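Heads up: the structure comes next, in structure tokens.
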Amino acid sequence: ERYHRQVVRRRRQLIRDRVRTQNRIKSELRFYGVFLPEPRGPWTQIYFANLNRIRFGNRWMQESFRRLLEEYEFLAGLIDKQTQLLKDLSKTTLYRERVKILTSIPGVGLITAMEILLELQDVSRFRRADQLAAYIGLTPSQYTSADKVRMGRITGMGKDSVRTALVESSWWLIRKDKAMKSKYEQIKARSGAKKAIVAVARILILRIRRMLLDRQPYAWAHAT
């Protein structure tokens, strides 16, 4: 399990390294007054090609800037290789069936499914659903005074990578599943959008636990 988990963790590490390189490139362009409209989300091949066309009119600066572009390109290649390694792992006997179950959820792709499976492994080790939610950090904090108990924001402790993946998937889920969308809107009306999507993410991980235990795909009719 430790060896398998390293596959997804190395991929995340490489992505963070690439983001840092992207930020260095953007900082360099700003410093020298070079404006190039940046695409939303990951850099496209067209945008990277445009970066390669930038000319500073000075050999030393040009060569130095080129090293940054080469670093970005190198990291992008490593990420592609690590992503393929993760895909290969998902096809093994240990994960194949569970990946199929999780990818039946709207908004959960292969990468997210493997992120969840590799970090959590056998969910049956969590005897209760709330133990799993607490492990990931999707348990509301609790404040007590006198005879009142008030539930606050989530604790934020636990597996932040899984928590982030679940929240991102929940945004897709509420677009596809009307019942989950309804739940989101109800919570949003009284607590705001941020708490509402976190609540949906908590519902989602509890459903994921049940799906894996029962070996059953996503059931739209029971999205409550």
>> Within 14 Å, Cβ to Cβ, of Ala179, how many net charges do the neighbouring residues add up to if Lys/Arg are +1 and Asp/Glu are -1?
In response: +4
>> At 0.36 nm per residue, and after removing the present C-alpha to C-alpha distance, how many nm does the segment from Trp172 to Arg16 gain when stretched out fully?
In response: 53.8 nm
> Once you sort the root eigenvalues of the Cα gyration tensor of segment 156-214 as a ≥ b ≥ c, which label holds: rounded (a/c under 1.5), prolate (a/b larger than b/c) or oblate (the other case)?
Replying inline: oblate
> What number in nm² do you get for the chain if you take the convex hull of its Cα atoms and divide its surface by four?
Replying inline: 16.5
> Within straight cross-link reach of Lys176, meaning Cα distance under 18 Å, which lysines are found once same-chain residues fewer than 8 apart are removed?
Replying inline: Lys188
>> Per residue of segment 26-33, what does 6.51 cos²θ - 1.76 cosθ + 1.60 with θ = phi - 60° give for ³J(HN,Hα)? Whole Hz please, x for Gly and Pro, Karplus curve as stated.
In response: 5, 5, 4, 5, 5, 4, 9, x
> Using the Cβ atoms and a cut-off under 12 Å, what net charge is assigned to the surroundings of Tyr47, where Lys and Arg are +1 and Asp and Glu are -1?
Replying inline: +2
> Which value, in debye to the nearest 20, gives the size of the charge dipole of the chain about its Cα centre, when Lys and Arg are +1 and Asp and Glu are -1 at the Cβ?
Replying inline: 440
>> If you average the alpha carbon positions of segment 53-115 and of segment 18-32, how far apart do those two centres end up, in angstrom?
In response: 19
>> If packing is taken as the average number of other Cβ atoms within 10 Å across a peptide's residues, how do 192-202, 38-48 rank, most packed first?
In response: 192-202, 38-48
> When only alpha-carbon atoms count, how far does segment 36-112 stretch along each of its three principal axes, as whole angstroms with the largest first?
Replying inline: 56, 23, 12
> Quick one: Karplus J couplings for segment 120-137, per residue in order, coefficients 6.51, -1.76, 1.60, θ = phi - 60°, nearest Hz, x for Gly and Pro?
Replying inline: 9, 6, 7, 5, 5, 5, 8, 5, 10, 4, 5, 5, 5, 4, 5, 4, 7, x
> ³J(HN,Hα) across segment 73-82 via Karplus (A = 6.51, B = -1.76, C = 1.60, θ = phi - 60°), whole Hz, x for Gly/Pro?
Replying inline: 5, 5, 5, 4, x, 5, 5, 4, 5, 5
> Using alpha-carbon pairs under 8 Å, 6+ residues apart, how would you state the relative contact order of segment 3-148 in percent?
Replying inline: 28
> So for segment 1-83, what percent of the C-alpha to C-alpha distances run longer than 19 Å?
Replying inline: 42
> What number comes out for the charge environment of Glu1, summing +1 per Lys or Arg and -1 per Asp or Glu over other residues with Cβ under 13 Å away?
Replying inline: +2
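Bear in mind these aren't lab numbers, they're just calculated from the coordinates by the rules spelled out. The structure presented is a predicted model; accordingly, all values stated were derived computationally and were not measured. Don't worry about glycine lacking a Cβ; one is built from the backbone with ideal geometry, like all the others, and counts go over all protein chains shown.
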